[in-house]
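The values are calculated or read from the model by the stated rules, or taken from the named source; none is laboratory data. As the structure is a prediction and not an experimental result, all values here were calculated from the model. Every residue, glycine among them, receives a Cβ derived from its backbone with ideal geometry; neighbour counts consider all protein chains shown.
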Amino acid sequence: MGGSPLRILVVGAGIAGLAVARALRLAGFRPDVTEKAPPGELSDTGLYLPGNAARALRRLDLDGPVRPLGEIIRRQRFLDATGAPLCEVDLESLWAGVGECRALLRAELHRVLLTGAGGAVRHGAEVRTIDLLPGAVGVTFVDGTATEYDLVVGADGPRSSVRGLAALGGPSRPTGQIVYRSVVREGPRVAEWTALLGQRAGFLVVPVGAGRLHCYADETGTAPPDDPVARLRELFGDYGGPVPEVLDALEQVHVGATDEVELGRWHRGRVLLVGDAAHATAPTLSQGAAMALEDAVVLAESLKAAGSVDAALTAYESRRRPRTRWVRDRTRDRNRTRDVPPALRDPLLRGRGGRIFGEHYRLLLGPL
């Protein structure tokens, strides 16, 4: 179907939606992209992209624009709450032949994807109804306009409206984690990906270029605090390593509860879910963006190779499910270590932590 005049709608202009739009354009399609939110600046947060994300960016022919951005991350350091070493992961060795790991601002990656997708996003276009028709999808927007498409791709995140409108599944489920994200500009010098592991909580610091640090912290819970800065200082005030200086430099902190999405199927009729709308997990393995980028590559390949949209969607889902299931299961495995007392966990990590954490990515080293 490559180059065919399929009418395709991509709902959502985040990383997943823009990556899908880029991949489809490279395959000869010209999708419409809509986003219910008005145009505006993205939140000031960072993003860590493992090696499989770099590989997907190459397949999207976007590795060049991304290369000057952020910092290449060559090693992960895990410390205990005092700042004493636990283990390390050599990322260059782990991802050899796949891609380099990089940390950058989320807004930087978004700008690259927006340009790659052609830059045309219809903002304020919220989908009101979806009707599954024979060989098509009827879409009505909240402004009353209605259009038919050959394919609708829901890339609108873990709380996807497309998922509900197409009867592909219920609401997302809380993972039981509260996450905090911030970018610090006047903090300590940190050269590597550095995580401090405590009891049911952790604090991560990653350089993202120009002296800035992406800071990510999490704790067990379901209700975000009213004052996230105060909560971070309360929760991590006695941590060692770079954490005290980071806490002193904190200004704006974004906080929220994380969700998980697990569905029996990702497509119904000519409606397909991708990215977090289909398979969101807690961000423990930093695979959310990587899975979305991979989804985009595989969807475009499936549409180009198949003889029909229906065959393409079936082929796409059969290729993607094993990898996203692996990420979900390994995420749950790693999250279970949060409940192990440090007195038991830390000696294990000092002996085998590097191998254990590296193993979590084994399947992702292979081809898409």
Task: Residue among Ala292, Ala312 that alone is closer than 30 Å to Leu196 by Cβ and either surrounded by 16 or more Cβ atoms within 10 Å (Cβ to Cβ) or in contact with a strand residue (DSSP E or B) (Cβ under 8 Å, 6 or more places away or on another chain) (or both) - done: Ala292
- [ ] Being outside any strand (DSSP E or B) and either in contact (Cβ under 8 Å) with a residue 24 or more places away in the chain or under 27 Å from Asp61 (Cα atoms) (or both) is the filter here, so list the residues in the range 117-141 that pass it.
- [x] Ala117, Gly118, Gly119, Ala120, Val121, Gly124, Ala125, Glu126, Gly135
Task: Subset tally (residues that are free of Cβ contacts under 8 Å to residues at least 40 places away in the same chain and farther than 25 Å from Arg336 by Cα) for the range 214-247 - done: 6
- [ ] Filter the range 54-68 down to residues that are in contact (Cβ under 8 Å) with a residue 24 or more places away in the chain and over 18 Å from the mean Cα position of the chain (by Cα) and give me whichever is nearest to Gly209 (Cα to Cα).
- [x] Pro65
Task: The listed residue being under 23 Å from Ala282 (Cβ atoms), touching a residue at least 12 places away in the same chain (Cβ under 8 Å) and touching a helix residue (DSSP H, G or I) at 6+ places or on another chain (Cβ under 6 Å), out of Val253, Val206 - done: Val253
TODO: Can you tell me which residue within the range 149-188, out of those that are of a type in the set (A, V, I, L, M) and part of a loop (DSSP other than H, G, I, E, B), is surrounded by the fewest Cβ atoms within 10 Å (Cβ to Cβ)?
DONE: Ala167
- [ ] Using the structure shown, decide if Val127 is surrounded by fewer than 17 Cβ atoms within 10 Å (Cβ to Cβ) and either modelled with pLDDT of 95 or more or within 22 Å of the chain's Cα centre (by Cα) (or both).
- [x] no
Task: Hits in the range 315-336 (condition: over 30 Å from Ala27 (Cβ atoms) and surrounded by fewer than 17 Cβ atoms within 10 Å (Cβ to Cβ)) - done: Asp329, Arg332, Asp333, Arg334, Arg336
- [ ] Within the range 189-247, track down each residue that is of a type in the set (Lys, Arg) and outside any helix (DSSP H, G or I).
- [x] Arg189, Arg200, Arg212
Open item on the list: Out of everything in the range 63-97 that is β-branched (Val, Ile, Thr) and touching a Phe, Trp or Tyr at 6+ places or on another chain (Cβ under 7 Å), what residue ends up being farthest from Leu293 (Cα to Cα)?
Closed with: Val89
- [ ] Please go through the range 351-368 and pick out each residue that is surrounded by fewer than 18 Cβ atoms within 10 Å (Cβ to Cβ) and either in contact with an Asp or Glu (Cβ under 9 Å, 6 or more places away or on another chain) or aliphatic (A, V, I, L, M) (or both).
- [x] Ile356, Leu363, Leu365, Leu368
